[in-house]
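Values in this text are rule-based calculations from the coordinates and carry no lab data. All values derive from a computational prediction rather than experimental measurement. Cβ placement follows ideal geometry from the backbone for every residue including glycine, while neighbour counts extend to all protein chains displayed.
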Amino acid sequence: MLDLRIINGTVVSDGVVRRLDVGIDGGQITEIEEPGAVAPSRAEIDATGLHVIPGAVDVHFHCRAPSRTQGGDFASETAAAAAGGVTTVFEMPIAEPACSDPAVFESRRTLALSQSHVNFALYSGAVLGTADHAARMAELGAIGFKLFMIAPAPGRKREFSGLWATDEGEILDALSALRGIGLPCVVHAENERLVRHFAARTDADGRPTRPPVIEATAIATIAALAKEARADVHIAHVSSRAALDALRGARALGATVTAETCPQYLLLDAAAVHEYGAIAKIAPPLREREDAEALWQALRESTIELVASDHSPFPLDEKAGMPWTTAPQGLPTVELLVPTVLGAAATGRLPLGLAVSYVTAAPAKRFDLYPRKGALQVGSDADVALVRLGGEFSPEPDRLLTRAAGCAVVFAGIRLDARVELTLVGGIPVYQGGRLVHEGAGRFTAGSAALLEHV
């Protein structure tokens with residue numbers, strides 16, 4: 001007898017959109033059959049009227065544990081992930097201390113195991129000095145590496161140790177050290193010299209400008225360096241039409257480069273900055289409406305391969321009313337990831353199969369986790385989300401589980417046309433009916449170069 005079966009739902013996975021039943025046993029999917037054909041089970045979920053999709057894989061997620069936990073820790077922010085149908089998060093290595101050292105990596109993995117409600121992976125910093133150091137981080141289970149092309153804010157260098165380089169030669173050396181390890185390097189692509197150049201110029205509200213040329217120039221640079229180093233690069237949070245043009249140019253150059261965008265760039269524009277000030281501060285910044293439309297078009301054309309949240313939680317009192325230059329940058333978005341992308345499918349803005357792929361199979365494939373993650377196949381992990389297309393979701397503070405929910409005021413008035421009803425992690429219902437119903441189901445998800453597969 002199976003542990004669980006999901007019946008009467010519409011399965012969406014690997015291009016299939018079909019009424020199927022799903023059988024789960026021992027934390028894995030063991031059967032996918034025509035309605036009524038799955039073996040008996042000890043428990044049953046009736047998914048009538050719901051779409052059954054693989055749990056989303058969010059490759060760009062912050063909680064900054066064990067430091068700066070006032071905005072969220074692994075417990076609070078993975079609860080938010082579960083509420084958004086996200087069953088695996090890739091935690092970025094910014095923290096104090098930064099996750100660029102084996103001892104820090106192991107400590108952080110232990111902490112996350114003790115708190116996480118969904119599966120988690122950990123990045124390593126990319127500027128490690130030697131190929132041996134990079135190989136050691138990969139062996140410990142790093143899912144990939146992270147490189148910032150801009151300097152950290154004053155007072156935050158320790159949080160970014162091993163994560164940043166602004167000199168092209170240093171960037172080239174860092175990428176070269178990663179060659180042959182087999183893991184992607186995720187790049188925050190902004191040009192440091194141009195950031196400084198525009199810092200003295202202000203917009204109509206007196207804020208320093210950070211125009212798209214900063215992003216586009218950095219993408220062009222990292223593409224040329226990646227080709228020279230024969231490195232595998234993924235561009236984080238693409239935000240503008242100019243960045244998309246640079247991305248197309250990078251591929252024409254022959255660089256191995258993929259890219260993501262995020263819900264905040266698809267849903268918001270610079271008007272939110274004028275209305276909410278520093279609460280809406282992110283990097284790269286919110287752009288014009290025409291940039292958001294260009295991103296949607298890029299998704300329809302698959303110029304962008306996946307969508308990630310860049311969930312970056314800060315409490316409202318650290319952002320509201322703060323001077324722009326000193327306010328932290330980031331918004332709580334992990335709960336918006338699936339509703340944004342599948343909501344676009346519900347309204348006809350994206351094909352359903354493509355939309356589901358952007359948050360499930362595509363990120364899993366990009367980081368060599370497919371089909372264990374990102375798929376509903378026999379043998380896949382039983383990480384599943386049940387979503388009601390056409391079900392209204394309002395990403396406002398009183399609807400979110402993140403500890404940084406107050407900053408979601410920037411999404412006030414937005415209505416998304418997809419709502420997550422239930423999330424399973426390893427076959428265990430973790431989120432249902434607006435609340436967390438099971439704690440501590442998360443497991444460590446190691447990268448493809450790890451000596452230890454997962455815990």
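With the biggest extent put first, the Cα atoms of the stretch 213-334 measure 45, 28, 25 Å across the principal axes. Beyond 29 Å in Cα-Cα separation lie the following of the pairs K157/K373; K157/K319; K146/K373; K227/K281; K319/K365: K157/K373; K227/K281; K319/K365. At an R0 of 41 angstrom, the distance between the Cβ atoms of E33 and S114 translates into a FRET efficiency of 0.65. Counting Lys and Arg as +1 and Asp and Glu as -1 over every other residue whose Cβ lies under 12 Å from the Cβ of A37, the net charge comes to -2. Taking the longest Cα principal axis of the chain as reference, the axis of helix 131-140 is set at about 20 degrees.
Quick one: order E290, E159, E190 by neighbouring beta-carbon count within 10 Å, fewest to most. Ascending number of Cβ neighbours within 10 Å: E290, E159, E190. Label separation (S67 vs M1): 5.2 nm, computed from points 7 Å beyond Cα along the C-beta direction. If R0 equals 56 Å, the separation of the Cβ atoms of S176 and V378 corresponds to a calculated FRET efficiency of about 0.85. Computed about the Cα centre, the dipole magnitude for the stretch 351-409 is approximately 180 debye when only Lys and Arg (+1) and Asp and Glu (-1) carry charge, each at its Cβ. Taking the centroid of alpha carbons for each part, the stretch 61-91 and the stretch 363-403 are 14 Å apart.
Using the alpha carbon gyration tensor of the stretch 290-417, what are the three equivalent-ellipsoid semi-axes (square root of 5 times each eigenvalue), largest first, in whole Å?
28, 17, 16
Put +1 on the Cβ of every Lys and Arg and -1 on every Asp and Glu Cβ in the chain; which of V409, P429, V334 then has its Cα farthest towards the positive end of the dipole? Ranked along the dipole, the leading option is V409. The spread of Cα positions in the stretch 1-104, taken along each principal axis and listed from longest to shortest, comes to 52, 26, 23 Å. On the beta carbon distance between L451 and D167, with R0 = 25 Å, the FRET formula returns roughly 0.15. Here is the list for the stretch 197-270: trypsin sites (Lys or Arg not before Pro) lying in DSSP coil, each with at most 14 other C-beta atoms within 10 angstrom of its C-beta, are R201, R230.
Averaged over residues, the count of other Cβ atoms within 10 Å places the peptides 27-33, 43-49, 379-385, 6-12 in the sequence 379-385, 6-12, 27-33, 43-49, highest first. You can think of it this way: the chain between K157 and D46 has 34.9 nm of extra reach, that is 0.36 nm per residue less the Cα-Cα gap.
Annotation: the residues E301, E335, sorted from fewest to most other C-beta atoms within 10 Å of their own C-beta, follow the order E301, E335.
The share of C-alpha pairs in the chain whose separation exceeds 33 Å stands at 30 percent.
Values of log10 I(q)/I(0) for the stretch 283-333 across q = 0.13, 0.15, 0.16, 0.20 Å⁻¹ run -0.45, -0.57, -0.63, -0.83, by the Debye formula with one identical scatterer at each alpha carbon and no solvent.
Taking a ≥ b ≥ c as the square roots of the Cα gyration tensor eigenvalues, with a/c under 1.5 meaning rounded and otherwise prolate when a/b beats b/c, else oblate, which class fits the stretch 1-41? The shape class here is oblate. Between amide H atoms placed 1.01 Å from N, distances below 5 Å from I32 occur with G23, all of them 5 or more places distant or on a separate chain.
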